[in-house]
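The values are calculated or read from the model by the stated rules, or taken from the named source; none is laboratory data. These numbers come from a predicted model, not from an experiment. Because the Cβ atoms are built from the backbone with ideal geometry, glycine has one as well, and the counts that use them run over all protein chains shown. With ligands, DNA and RNA removed, areas are computed over all heavy atoms of the protein, side chains included. Shrake-Rupley method; radii C 1.70, N 1.55, O 1.52, S 1.80 Å.
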Amino acid sequence: AAWHRRAAGTASALLVGLFGGSVLVPSKFAPPEVSGFALLPSFGLGALCASTLVCVAYAVACRCRGEPVLLGGRAALAAGLASGVVWNAGNACAIYAMGDGGLNYGVAYPLVQCALLVSGLLGICAFGEIREPLAIGIFFTAAVVLVAGGALLGFAGPGGVGKKSP
């Protein structure tokens, strides 16, 4: 039973990569006059609709299993709202980077995915999730590779130095 839970968690994390990595792809099909920050209201509406569906699915699953629907009260509300604000601030920055910021999707979005570095640092420094010196050393070695890759992508990727943007 524990491995089922871990497998479901791993599958869910992989889906985060799929959905998170393609979250702004639909915006590339919008007319140019509604690009950039003009997309934020509809983006927010889409997030609201998706969140509502997830909440309804959660409530239905709890009821089907005969479990109570846990809402978490004020503490969960405050934490959820703060997380949503931080998440959408990141999305707004990504939208700016690919609009008025002048970066191509092929450069901007991989750089946005450098968020895994911040997540890893929080896991190590704030939450103590990794404590073994070897694992921490491997993490920081990978962090150097990630930052170097991001720098090279910005320099030589689509629209980089000496290249014309399409």
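Side notes on the structure shown:
- Test: residue in the stretch 110-121 that is more than 21 Å from Leu18 (Cβ to Cβ) and either at pLDDT below 85 or open to solvent by less than 70 Å² (accessible area, probe 1.4 Å) (or both): yes
- Filter result for Ala82 (closer than 29 Å to Gly149 by Cα, of a type outside the set (Ser, Thr, Tyr), open to solvent by 40 Å² or more (accessible area, probe 1.4 Å) and within 16 Å of the chain's Cα centre (by Cα)): no
- Meets criteria (closer than 25 Å to Leu48 by Cα, touching a residue at least 24 places away in the same chain (Cβ under 8 Å) and more than 16 Å from the chain's Cα centre (by Cα)) for Gly157: no
- Selection from the stretch 1-29 of residues that are of a type in the set (Gly, Ala, Ser) and modelled with pLDDT under 85: Ala1, Gly17, Gly20, Gly21, Ser22, Ser27
- Residue that is surrounded by the fewest Cβ atoms within 10 Å (Cβ to Cβ), among those in the stretch 11-43 that are among the aromatic types (Phe, Trp, Tyr) and either free of Cβ contacts under 8 Å to residues at least 60 places away in the same chain or in contact with an Asp or Glu (Cβ under 7 Å, 6 or more places away or on another chain) (or both): Phe29
- Per-region count, the stretch 44-78, residues within 18 Å of the chain's Cα centre (by Cα) and open to solvent by less than 60 Å² (accessible area, probe 1.4 Å): 4
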